[in-house]
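Since every read-out is calculated from the coordinates, none of them should be taken as a lab result. Here the structure is a predicted model, which means the values were calculated and not measured. With ideal geometry, Cβ positions are generated from the backbone for all residues, glycine too; neighbour counts draw on all protein chains shown.
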């Protein structure tokens, strides 16, 4: 009997605990927990505070219990733990203001977005019936075409109507539609951006000039220097574009537009090819150098020390303005070079003889730092050479075709490439070559100095007679690469056309 009484008392005790409420400051709790002094309480509830909700723990182990609340001191707001994780700030955006609307369809969109090219622009989001509520910072990544992000700093909506300006930036993953969904104060809207794709793997361009014409102007470059896909849908390849605005054209002696890289050839490659002593080997007309490391697959890597387009592609570049450069940085087309040549529009890049025989015009540039020009006579293969406004030689022989462009050894024959032999090696400053001896070349160097020589003074005067002690004959045994330049490859000769 006594045991039965004890059991009954114990049951009543536990039931009282199970169904009781807790009151702090009140004898009549109105819920499981009532913190109140009836209606006269002048003190609030101070929530657990932390700079990061990720720091909160469950003393029983495992995840924080669903329903846990805390004050986020970093964001200055209350947050609650839900099944999906910690919520965003409560109350600042508890729900849409009655009548509040967000409109992505009418706001202006600016900027040009090109697949594979860093792009930027702005998008305006309009709203109506706002009540001055604050909103968090916006950061929305694109879907469909990925790689773009729309951002705006945190702010406060106006009372009534207004707008939010988003900055859209990034490198689009491809061409097509990039989609964005923006949420502000409980309302959402969406907008899209059309990403252009000329010069991409899926949509190759006929030339870098065509890409320039589509996206750029003389004052603004949207499509910048870089690698693009050139050719046709069935015959495309990756190469480099040099996009030139008016400021760069004036500073670096170029034309405004887009130059396409057709040939990139290092001293190291010329040495491997045994090209220093073979006349005509290193020239645009030599098909043995065609189809060098032409990239045809989407993720292929260009070899700037040994690249040249295919033979079947060369004819398409007839009649273009051509630029030949000698550089130690083959991927930096904005460098102020010591040696380069600009050819007038002709078929010289195709190795033809028309420019030599009947063409006219002036080749300009620099040779080892000297401002150089050769004005060709109309109707024959000669011209007048000047350096730094000093006439070096008139009626100098001008060749191209398989010889590219050079001047005769007895008349200061010049070659901007190295064809080897017969004076067709790039000569020394200022283009002095006598009896096939050569020195101080911008492409190739004497690695075996055999003797010294003193060349004849230039016909135009203005330069002192100079004796060279590191001279050598142009052949494979004596010519090599410059050490310590471009890794182990030496200087790189490049042909550009537009």
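Details
- Between residue 203 and residue 188, the contour length at 0.36 nm per residue exceeds the alpha carbon distance by 2.0 nm.
- The listed peptides 485-494, 226-235, 254-263, ordered by packing as a protection proxy, come out as 254-263, 485-494, 226-235 (highest mean of other Cβ atoms within 10 Å first).
- Simple spin-label estimate for residue 296 and residue 66 gives 5.8 nm between the two label positions (7 Å along the Cα-to-Cβ direction from each Cα).
- Cα-based radius of gyration for segment 146-232, normalised by 2.2 N^0.38 Å, reads 1.45.
- Alpha-carbon centroid distance for the pair segment 149-189 / segment 198-260, whole angstrom: 31
- In plain terms, the chain from residue 158 to residue 122 could stretch by 10.9 nm, reckoned as 0.36 nm per residue minus the Cα-Cα distance.
- If R0 equals 45 Å, the separation of the Cβ atoms of residue 141 and residue 287 corresponds to a calculated FRET efficiency of about 0.40.
- Considering all C-alpha pairs of segment 144-293, those separated by over 21 Å amount to 63%.
- Calculated FRET value between residue 233 and residue 101, using beta carbons and R₀ = 45 Å, to 0.05: 0.50
- With all projection directions averaged, the alpha carbon convex hull of segment 101-195 covers 5.1 nm².
- The mean sequence separation of alpha-carbon pairs under 8 Å and at least six residues apart, normalised by the residue count of segment 132-203, gives a relative contact order of 30 percent.
- Each residue, residue 329 and residue 42, gets one label point 7 Å from its Cα in the Cβ direction; the gap between the two is 7.2 nm.
- Distance between the modelled labels on residue 255 and residue 83, one decimal in nanometres: 6.8 nm (7 Å Cα→Cβ projection).
- Using a Förster distance of 60 Å, the FRET efficiency for residue 74-residue 213 (Cβ separation, nearest 0.05): 0.75
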